[in-house]
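First the structure, in the form of structure tokens, and then the observations on it.
FYI, it's all coordinate maths here, none of it is from the lab. On a predicted model such as this, the values are computed, not experimentally measured, just so you know. Positions of Cβ are backbone-derived with ideal geometry, glycine not excepted, and every protein chain shown enters the neighbour counts.
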Amino acid sequence: MKPVTRETVSIVHNKVPNRIRLRVPVIKNKATYAALLRQNLLRDSAARGIYHAEPNIITGTILIKYHPAFHNEADILRTVSQAAHRVADGGIEITAKHKEPKLGKMRPQAFFTRELLVSICGNVIAGLILAAVIAG
């Protein structure tokens, strides 16, 4: 695996107002770094106006949607660049959830919960009663 470099963050697309796509080389093919960057941008007080961050690890880009009252493009570029450098330098702690992204997700066998079964049974019983009333 190649070492993480501190390459610059650059603008890929910025023609749509309040929306910018940035190339962030640090996250290319690194799902853990992408998740850390996204989480950092959405929770950081300096990035208060950023309400959407969608990284793409295949292309190494991140789509940012922001509120213009809080930021302009230069602010977004600087904020994302600083966050990406913190991720690359190890300034943001990698938790067990980031190392194993399926850790917080529901297991397939947990799909049929008690509430779901009660709901299905209730609908079946209600359907049978309705059918009996209509037929009777």
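Can you work out the FRET efficiency for the pair Leu117 and Leu42, with r the C-beta to C-beta distance and R0 = 25 Å, to the nearest 0.05?
Taking R0 as 25 Å, the efficiency between Leu117 and Leu42 is 0.10.
By counting other Cβ atoms within 10 Å of each Cβ, how are Ile20, Ile58 ranked from fewest to most?
Ascending Cβ contact count within 10 Å gives the list Ile58, Ile20.
Where Lys and Arg each count +1 and Asp and Glu each count -1, what net charge lies around Ala34 among other residues with Cβ under 12 Å from its Cβ? Walk me through the intermediate numbers first.
Numbers: positive: Lys28, Lys30, Arg38; negative: Glu54.
Local net charge: +2.
When only alpha-carbon atoms count, how far does region 10-102 stretch along each of its three principal axes, as whole angstroms with the largest first?
Sorted from largest, the Cα extents of region 10-102 read 36, 27, 24 Å.
Along the charge dipole of region 10-102, Cβ charges K/R +1 and D/E -1, which of His67, Gly90, Pro55 sits furthest on the positive end?
Final value for the positive-end residue is Pro55.
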